[in-house]
């Protein structure tokens, strides 16, 4: 088996993108293994998925730290260090990271965002795309920086916006592309290969 980078995944809920990363990392040829899943939420459904896959999990509840976000992230950082993590993947992690964690892991935190960045940063991206009359919508994997959803783009995938699309139907169709894109971009990132831009999804999405 070739060398595998030790990655951690941060989730807040069901973590469907986490599922895709776990499945990819289980392949002998994939250059990473999931060594830790951290959630800020005790009830995150993705924790059970990770445990079923034999992956160590840890809950670091942000409520216990009040408004001291850095203290919360110090515990996250300690857990990452204890597991010798080299790269962090956010998968539905519903917390804005502070400069403490971002700077400690500069260039080593990846996130997937459900829009074609720089379009529609933040929340409610599917509704925004429909309201704007977009003909295409998509997702972006990027490096996390202090400017929310503005870090260097590593890969994108797109799907058509259909005339009868609702926020739900568009989100559901795009999610399939997210599950394909995130593992591919992670692999390219770890192997230091060129960013992956998926235009085929325009036809097949």
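Could we say that residue 181 is surrounded by 15 or more Cβ atoms within 10 Å (Cβ to Cβ) and touching a residue at least 60 places away in the same chain (Cβ under 8 Å) here?
In short, yes.
Restricting attention to segment 16-62, report how many residues are under 26 Å from residue 193 (Cα atoms) and crowded, with 21+ Cβ neighbours inside 10 Å.
Residues meeting the conditions: 10.
Is it true that residue 67 is more than 20 Å from the chain's Cα centre (by Cα), in a helix (DSSP H, G or I) and either surrounded by 14 or more Cβ atoms within 10 Å (Cβ to Cβ) or modelled with pLDDT under 95 (or both)?
In short, no.
For segment 64-82, give me the residue count where each residue is free of Cβ contacts under 8 Å to residues at least 12 places away in the same chain and within 23 Å of residue 18 (Cα to Cα).
Final tally of qualifying residues: 3.
Would you pick out the residues in segment 42-62 that are touching a helix residue (DSSP H, G or I) at 6+ places or on another chain (Cβ under 9 Å) and in a helix (DSSP H, G or I)?
46, 49, 50, 62
The values are calculated or read from the model by the stated rules, or taken from the named source; none is laboratory data. Just so we're clear, the structure is a prediction, and the values are computed from it rather than from any experiment. Ideal geometry is used to build each Cβ from the backbone, glycine not excepted, and the neighbour counts take in all protein chains shown.
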